[in-house]
Each structure stands twice: as structure tokens, then as C-alpha cells.
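Q: I am attaching a structure below and will ask some questions about it afterwards.
The values are calculated or read from the model by the stated rules, or taken from the named source; none is laboratory data. The structure displayed is predicted, hence computed values, not measured ones. Here the Cβ positions follow ideal geometry from the backbone for every residue, glycine too, while neighbour counts run over all protein chains shown. Side chains included, ligands, DNA and RNA excluded: accessible areas come from the protein's heavy atoms. Shrake-Rupley method; radii C 1.70, N 1.55, O 1.52, S 1.80 Å.
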Amino acid sequence: MNQHARLETAPIPFVDVAAQRRRLGDAIDKAVGRVLAHCQFLMGPEVFEFEQKLAAFCGAKHVVSCASGTDALIMTLMAEAVGPGDAVFCPSFTFCATAEAAALLGATPVFVDVRTDTFNIDPESLKRAVATAKKIGLRPKAVIPVDLFGLPADHDAVSVVAKEDGLFVLDDAAQGFGATYNGRKIGTFGHATATSFFPAKPLGCYGDGGAVLTDDDALAGRLRSVRIHGQGKDKYDNIRIGLTARLDTIQAAVLIEKLKIFPDEIAARNRVAQRYAQALGDVAIVPQVPEGYTSVWAQYTLRLPAGRRNALAEALKAQGIPTAIYYPIPLHGQVAYRHFPAAEGGLPVTDAIVGQVISLPMHAYLDEPTQDRIVTAVRRALGR
Ligand SMILES: *Cc1c(COP(=O)(O)O)cnc(C)c1O
């Protein structure tokens with residue numbers, strides 16, 4: 001095999017965490033080295049510095065960092081005393097953690113359909129889900145819109161429905177942190193925002209991490225208490241049931257460095273998305289970013305006619321190009337979640353798109369030759 005042929009089939013990573021590591025190399029080593037020197041591994045100075053910088057980045061008043069995106073969701077629902085008898089509305093087309101947080105606290109996740117064009121929560125389906133919850137004797141308590149694949153949900157429309165029933169709005173921005181909606185950054189919509197620093201998320205650390213963002217002073221105080229065993233004056237004064245859900249100082253030190261290049265990475269992801277859209281818009285349904293929105297492209301997800309997806313995945317795999325299906329089974333079809341209620345009339349969009357979606361490699365370090373190789377392979381597989 002000659003050099004050229006070898007390059008043409010060299011495996012492409014789906015998310016290239018190593019490329020970013022190379023770019024940041026020295027700065028990260030130094031940042032981690034400082035923590036190793038001062039030994040304040042929990043609640044060290046980097047944790048507070050990172051919280052301030054993240055708040056400044058997105059314009060939220062308070063940032064409460066924590067151990068994962070899932071903990072960010074759980075902590076917020078705990079701080080709002082969500083529990084048995086409460087309905088928590090969320091899309092079925094999402095990662096399981098969105099609904100898991102509610103179920104873990106004994107509340108009832110009620111599944112809502114999404115829109116075909118954005119993959120995000122459908123406000124009309126949300127209204128139907130609220131009616132469903134009331135009919136079966138649940139208290140409508142909270143809604144968790146998700147900024148899926150990096151694109152903000154329609155936060156104004158969600159807020160209108162939420163106000164009618166006094167719902168607490170918790171934005172699940174694990175995939176959308178860094179995006180904007182009508183000129184404002186994610187982290188400032190609803191009553192609180194949960195995000196994740198899982199390594200493959202747009203802003204990831206080198207392990208697990210997360211944060212809750214809110215403008216509500218009292219809620220921020222309760223979150224800081226829940227984060228450390230429901231502490232009052234200190235952790236030996238326990239005023240509520242809490243968790244051990246702190247962000248490690250080492251992860252905070254990594255995140256301080258990564259936040260510096262995050263705007264640049266968001267721009268790079270958008271360039272990749274633009275080139276994909278130009279090159280593939282005539283062979284597949286490419287994602288659309290509505291007017292007034294920006295995306296951070298946690299995933300670049302195509303829609304294909306049902307039945308064509310597996311052939312595309314196989315053809316790409318044979319050429320060293322990975323793809324992923326987010327999500328093959330909607331939450332309302334999962335063994336652990338299918339006994340929970342869904343909006344009346346069902347979730348027809350969710351049921352259809354789970355058979356159509358396929359995500360292509362997407363990250364800030366996907367260079368143009370590699371992207372061209374992916375595009376050529378996709379076009380060839382789809383017969384163009
Ligand atoms: C990743 C993710 C989470 C959970 O984040 P972790 O940090 O892995 O706990 C929650 N919601 C959505 C939509 C996610 O994509």
C-alpha cells in the first residue's frame with residue numbers, strides 16, 4: 001500500500017481529545033502542577049477562580065461547580081425539593097441523565113416530543129404533557145429543556161408554557177454550553193442551567209465535572225449546601241440531605257486553561273459545520289440553525305430516509321470513518337423509563353427520528369483534508 005492509500009483509510013477519531021491536549025500541553029501541565037504543589041485537592045483556589053471565570057464567560061450571576069452534569073441536574077432538583085408526586089417534563093430524545101435526575105428523587109419524568117427541525121423540545125407537546133400529568137394526579141413542577149447537539153432549545157417558547165403552570169425551568173446545557181439564543185449565552189435562561197464537563201462535551205475536562213448556573217441568590221446558596229452534604233455553617237452542621245458532589249481542584253485547573261481557548265474552538269466547530277452543510281445539503285437533511293441562534297455543535301447529526309442509515313454507517317466504517325447514533329432508543333422506549341408517562345397523543349417525531357439520525361465526526365481540530373475525506377465518503381455511499 002502506498003503512502004497515499006494508507007492516509008485515505010487511516011482511522012479518523014470521532015472526537016479528537018488528543019489534538020486539543022497537544023495544543024494546550026504545557027499550560028495544562030503547569031496548571032495541574034500548581035495543584036499538586038499546593039495540595040488543596042478539593043475546594044482549592046482554582047475551583048473558585050473557575051466558577052468566577054465561567055460566570056463572566058456566560059453572564060450568569062452564580063456558578064456552582066460540581067462533580068458531573070448529572071449531579072448538576074440532581075442538585076438543582078434537590079434544591080427545589082422535587083420529589084414524589086411531582087411531574088418533571090423533559091424530552092424523550094436526550095441522554096438518559098435528563099430524566100434520571102427526576103426519577104432518582106422519586107419524581108415522575110413525563111416525556112415530551114421534540115421538533116423535527118431542531119431536535120429540541122416541542123412547546124405544543126409540552127402543553128399536552130402538562131395536561132397528561134394533571135389528569136393522572138401529578139403536580140406539574142419542573143421542565144428540563146435540553147440544548148441538544150449544541151443547539152439551544154426555544155427558550156422563549158418554553159418559558160411561556162412554564163409560566164402558565166408555574167414550572168421551574170432547568171436548562172440541560174450539557175451539550176449546548178457556549179451557544180447563544182437571541183444574543184444571550186446559554187447559562188442565563190430559565191431559573192437554572194446544568195452543564196457537564198465530560199471530556200467529549202464542547203467544554204470538557206479530563207475526568208468528570210459539571211456546574212449549575214443561576215441568577216437566583218437563594219438557590220445558589222442551597223446548591224452550595226447540597227453539594228457538600230447539605231451543610232449549614234460547615235459540613236458538620238447538616239441542615240438538609242445533600243451529596244458529595246464537588247468538582248476536583250485538578251479538573252478546575254484544567255478547565256481554566258480550556259476556557260481560554262473555548263471561543264476559538266467554538267468558531268472552529270462552526271467552520272466545520274458550515275463546510276459539512278455546503279457539501280452535504282443535497283444528499284441528506286443537514287442540521288439547520290434557526291435565525292437568532294448559534295450552536296456549539298456537540299454533534300453534527302444528519303437525517304436520512306429510514307433504512308439508509310445502516311448502509312452509510314457500514315460504508316464509512318470500512319474507510320476508517322466512525323459515526324454514532326444519538327440516540328437509537330428514545331427514553332420512553334428504554335427498559336428503565338418506559339413505565340413513565342408521555343404526553344398524550346404520543347411522541348411521533350421522536351419515534352420517527354430515532355430511525356433516521358446519524359452523527360458524523362465533529363470537533364474543533366477536524367482539518368479540511370480529513371473533512372473532505374468524510375464528505376466524499378458520505379456522498380459516494382449515498383450514491384452521489
Ligand atoms: C452528557 C449529558 C448529561 C450528563 O453529564 P455527565 O457529566 O456525563 O453526568 C446530561 N444531559 C445531557 C443532555 C448530556 O448530553
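Q: Residues of region 160-216 being crowded, with 21+ Cβ neighbours inside 10 Å and either free of Cβ contacts under 8 Å to residues at least 12 places away in the same chain or near the ligand (Cβ under 9 Å from one of its atoms) (or both), which ones?
A: Asp172, Ala173, Ala174, Gln175, Gly176, Ala194, Thr195, Ser196, Phe197, Lys201, Gly209, Gly210 - these are the residues of region 160-216 that are crowded, with 21+ Cβ neighbours inside 10 Å and either free of Cβ contacts under 8 Å to residues at least 12 places away in the same chain or near the ligand (Cβ under 9 Å from one of its atoms) (or both).
Q: Quick check on Thr94: is it assigned by TED's automatic domain parsing to the domain that holds Ala211, in contact with a strand residue (DSSP E or B) (Cβ under 6 Å, 6 or more places away or on another chain), in contact (Cβ under 8 Å) with a residue 60 or more places away in the chain and within 16 Å of the ligand (Cβ to nearest atom)?
A: Numbers: assigned by TED's automatic domain parsing to the domain that holds Ala211: yes; in contact with a strand residue (DSSP E or B) (Cβ under 6 Å, 6 or more places away or on another chain): yes; in contact (Cβ under 8 Å) with a residue 60 or more places away in the chain: yes; within 16 Å of the ligand (Cβ to nearest atom): yes.
Yes, satisfied.
Q: Name the residue, out of Arg308, Arg303, that is of a type in the set (Lys, Arg), more than 23 Å from Ile186 (Cβ to Cβ) and modelled with pLDDT under 95.
A: Numbers: Arg303 fails: modelled with pLDDT under 95.
Being of a type in the set (Lys, Arg), more than 23 Å from Ile186 (Cβ to Cβ) and modelled with pLDDT under 95 holds for just one of Arg308, Arg303, which is Arg308.
Q: Then there's this: May I ask you to list the residues in region 179-201 that are of a type outside the set (A, V, I, L, M, F, W, C), in a loop (DSSP other than H, G, I, E, B) and either more than 11 Å from the chain's Cα centre (by Cα) or more than 18 Å from Phe119 (Cα to Cα) (or both)?
A: Taking region 179-201 and keeping what is of a type outside the set (A, V, I, L, M, F, W, C), we get 180-185, 187-188, 190-191, 193, 195-196, 199, 201.
Now restrict to residues that are in a loop (DSSP other than H, G, I, E, B): 182-183, 187-188, 190-191, 199, 201.
Of everything in region 179-201, those that are of a type outside the set (A, V, I, L, M, F, W, C), in a loop (DSSP other than H, G, I, E, B) and either more than 11 Å from the chain's Cα centre (by Cα) or more than 18 Å from Phe119 (Cα to Cα) (or both) turn out to be Asn182, Gly183, Gly187, Thr188, Gly190, His191, Pro199.
Q: Still on this model: Is it true that Ala268 is open to solvent by less than 60 Å² (accessible area, probe 1.4 Å), away from the ligand (no atom under 16 Å from the Cβ) and either touching a Phe, Trp or Tyr at 6+ places or on another chain (Cβ under 6 Å) or not in a strand (DSSP E or B) (or both)? Let's see the steps before the verdict.
A: Values: open to solvent by less than 60 Å² (accessible area, probe 1.4 Å): yes; away from the ligand (no atom under 16 Å from the Cβ): yes; either touching a Phe, Trp or Tyr at 6+ places or on another chain (Cβ under 6 Å) or not in a strand (DSSP E or B) (or both): yes.
For Ala268, the condition - open to solvent by less than 60 Å² (accessible area, probe 1.4 Å), away from the ligand (no atom under 16 Å from the Cβ) and either touching a Phe, Trp or Tyr at 6+ places or on another chain (Cβ under 6 Å) or not in a strand (DSSP E or B) (or both) - is met.
Q: I need the full set of residues from region 138-159 which are among the aliphatic types (A, V, I, L, M), within 13 Å of the ligand (Cβ to nearest atom) and assigned to a helix (DSSP H, G or I), in order please. Steps first, please.
A: Taking region 138-159 first, the residues among the aliphatic types (A, V, I, L, M) are 138, 142-144, 146, 148, 151, 153, 157-158.
Then drop every residue that is not within 13 Å of the ligand (Cβ to nearest atom), which leaves 144, 146, 148, 151, 153.
Correct list: Leu148 only.
Q: With the structure loaded, tell me whether Val112 is surrounded by 24 or more Cβ atoms within 10 Å (Cβ to Cβ), within 16 Å of Glu164 (Cβ to Cβ) and at pLDDT 95 or above or whether it fails that test.
A: Working: surrounded by 24 or more Cβ atoms within 10 Å (Cβ to Cβ): yes; within 16 Å of Glu164 (Cβ to Cβ): yes; at pLDDT 95 or above: yes.
When the stated conditions are applied, Val112 passes them.
Q: Here are some residues: Ala306, Ala315, Ala336, Ala377. Which one is aliphatic (A, V, I, L, M), outside any helix (DSSP H, G or I) and open to solvent by less than 70 Å² (accessible area, probe 1.4 Å)? Spell out how you get there, then give the answer.
A: On the way: Ala306 fails: open to solvent by less than 70 Å² (accessible area, probe 1.4 Å); Ala315 fails: outside any helix (DSSP H, G or I); Ala377 fails: outside any helix (DSSP H, G or I).
The conditions single out Ala336.
Q: Test each condition in (1) more than 13 Å from the ligand (Cβ to nearest atom); (2) over 19 Å from Asp208 (Cα atoms); (3) not charged (D, E, K, R) for Leu42 and report the one that comes out false.
A: Answer for Leu42: the failing condition is (2).
Q: Confirm whether Ala279 is outside the structural domain of Gln175 (by TED's automatic domain parsing), touching a residue at least 60 places away in the same chain (Cβ under 8 Å), outside any loop (DSSP other than H, G, I, E, B) and surrounded by fewer than 20 Cβ atoms within 10 Å (Cβ to Cβ).
A: Details: outside the structural domain of Gln175 (by TED's automatic domain parsing): yes; touching a residue at least 60 places away in the same chain (Cβ under 8 Å): yes; outside any loop (DSSP other than H, G, I, E, B): yes; surrounded by fewer than 20 Cβ atoms within 10 Å (Cβ to Cβ): yes.
Yes.
Q: Here's a follow-up. Scan region 318-333 for residues that are under 22 Å from Ala364 (Cα atoms) and crowded, with 19+ Cβ neighbours inside 10 Å and report the count. First the steps, then the outcome.
A: Step one: filter region 318-333 for residues under 22 Å from Ala364 (Cα atoms), giving 319-326.
Keeping just the survivors that are crowded, with 19+ Cβ neighbours inside 10 Å gives 321, 323.
Summing the residues that are under 22 Å from Ala364 (Cα atoms) and crowded, with 19+ Cβ neighbours inside 10 Å in region 318-333 gives 2.
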